[in-house]
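Participant: If you scroll down you'll find the structure; I have some questions about it.
None of the figures in this text is laboratory data; all of them are computed from the coordinates on show. Keep in mind it's a predicted model, so treat the numbers as computed, not measured. In this analysis, Cβ positions are derived from the backbone assuming ideal geometry, glycine residues included, and neighbour counts consider all displayed protein chains.
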Amino acid sequence: MNIEAASKKPSRIQLRNRKLILEAALDVFSKHGYRGATLDQIAEASGLSKPNILYYFDGKEAIHISLLGQLMDKWLAPMAQIDPAGEPLEEILRYVHRKIEMSFEYPRESRLFANEILQGAPRISPHLEADLKPLVERTVTLIQGWVDAGRLAQVDPMQLIFSIWATTQHYADFDAQVQVLAGADVRAEAEVYLDTMFRRLLTV
C-alpha cells in the first residue's frame, strides 16, 4: 500500500463535513443566488465555523463550482439515457417524465442551475461546452433521424428539447408561484398534462 496516498485519504469526519458544507451551500445558493450568498450564511446553515469552511474550500466560488460539477452529472443523465434503439415516442416521453421527477425531487439543484445561467453562466460555461452541447447535438441528430424516418411527427428537435426543459423545470424554478396558483400537490396533474401535450405533438 502507498502510505502517502493512504495518509491523504479523507477521514470519515472530513467526508461528513464536506457533505454538510455542500448540502448547506446548495440551500443557500438556491435561495439567494451566487451573488447574494455568503460564506457566513453557508457556515450558519452547515453548523460549522467560517474558518472550518475555508479549511475544505478556498472560498465561495470553489464551493459553487463543486456543486455545479456534481449537478451537471445528475442533470445530463436522463438525456444520455435516451435509447436510440427504443420506441421514439416512448423514449421522449420517458425523458419528459424524468425531467418532471427531477423538478420535484431536486428543486434546489434546478434553481442553482437557473441562477447560474441567468448570470451568464460564468462558472458553468466549460461544462456547457464540453458536456451539454455535444450531448444535445447527438440527441438532436437522433430525434431528427426519427422524424425523417416517419417515426415521430414533424418537429424541430432543438425547439422540442427547449420546450421540454421550459415546461418541466418551471415547477422547480417558479415553485413559489406554482404553489400560490395551483397548490402544493400539483405533480400528478403536471405529469398527465405534459405527457398528453407532448404525446399529441409527436404522434404521427
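Participant: Expected output is a single nm value to one decimal: the length gained when fully extending between S11 and V180, i.e. 0.36 nm times separation in residues minus the C-alpha distance. What is it?
Facilitator: 56.4 nm
Participant: In degrees between 0 and 90, to the nearest 10, how far off the longest principal axis of the chain does helix 157-173 point, with axes built from Cα atoms?
Facilitator: 50 degrees
Participant: Further question: Along its principal axes, what span do the Cα atoms of the range 31-107 show, with the longest given first and each in whole Å?
Facilitator: Reported extents, whole Å, longest axis first: 54, 21, 20.
Participant: Something else about it: In the structure displayed, which of K9/K50; K9/K74; K9/K133; K9/K31 lie more than 27 Å apart, Cα to Cα?
Facilitator: K9/K133; K9/K31
Participant: Count charges around G145 for me, please; just the other residues with Cβ under 15 Å from its Cβ, Lys/Arg as +1, Asp/Glu as -1. If you can, show how the numbers build up before the last one.
Facilitator: Numbers: positive: R138, R151; negative: D83, E87, E91, E137, D148, D156.
Result for the neighbourhood of G145: -4.
Participant: S49 to D73: extension gain in nm, 0.36 nm per residue of separation minus the Cα-Cα distance?
Facilitator: 5.7 nm
Participant: Using a 7 Å offset from Cα along Cα-Cβ at M158, what residues in the range 103-133 end up with backbone N under 14 Å from the label point?
Facilitator: 133
Participant: Which whole-number percent of Cα pairs in the range 123-204 have a distance greater than 20 Å?
Facilitator: For the range 123-204, the fraction of Cα-Cα distances above 20 Å is 49 percent.
Participant: Please give the helix 88-105 orientation as an angle from the longest Cα principal axis of the chain, in degrees from 0 to 90, rounded to the nearest 10.
Facilitator: Helix 88-105 sits at roughly 30 degrees to that axis.
Participant: Give me D for the chain in µm² s⁻¹, whole number, from Stokes-Einstein with Rh from the Kirkwood sum over alpha-carbon pairs, 20 °C and 1.002 mPa s.
Facilitator: 112 µm²/s
Participant: Within the range 24-54, list the residues whose amide N lies under 19 Å from a label point set 7 Å along Cα→Cβ of S125.
Facilitator: Counting only backbone N, you get 34-35.
Participant: Name the most mobile residue of F174, F29, F113, meaning the one with the largest mean-square fluctuation, in a Gaussian network model of the chain with Cα contacts below 10 Å.
Facilitator: Ranking F174, F29, F113 by mean-square fluctuation puts F174 first.
Participant: Let me ask something additional. Where does each of 105-112, 142-149 land if you order them by average Cβ count within 10 Å, highest first? Could the numbers behind the result be given before it?
Facilitator: Numbers: 105-112: 19.2, 142-149: 16.0.
Descending mean neighbour count gives 105-112, 142-149.
Participant: Let me ask another. Rounded to the nearest whole Å³, what is the per residue volume of the convex hull around the Cα atoms of the range 1-57?
Facilitator: Working: hull volume 4.8 nm³, N = 57.
Hull volume over Cα atoms, normalised by residue count, gives 84 Å³.
Participant: Shifting gears a bit: Calculate for the chain the 222 nm mean residue ellipticity that helices alone would give, adding -39,500 (n - 2.57) per DSSP H run of length 4 or more and normalising by residue count, nearest 500 deg cm²/dmol. Numbers along the way, then the final one.
Facilitator: Numbers: 11 runs with 154 residues, N = 204.
Value at 222 nm, helices only, nearest 500: -24500 deg cm²/dmol.
Participant: So for the pair A85, R151, with labels modelled 7 Å out along Cα→Cβ, what separation do we get in nm?
Facilitator: 1.2 nm
Participant: Let me ask another. Which values, in whole Å and largest first, are the semi-axes of the equivalent ellipsoid of the range 84-142 obtained as the square root of 5 times each eigenvalue of the Cα gyration tensor?
Facilitator: 24, 18, 7
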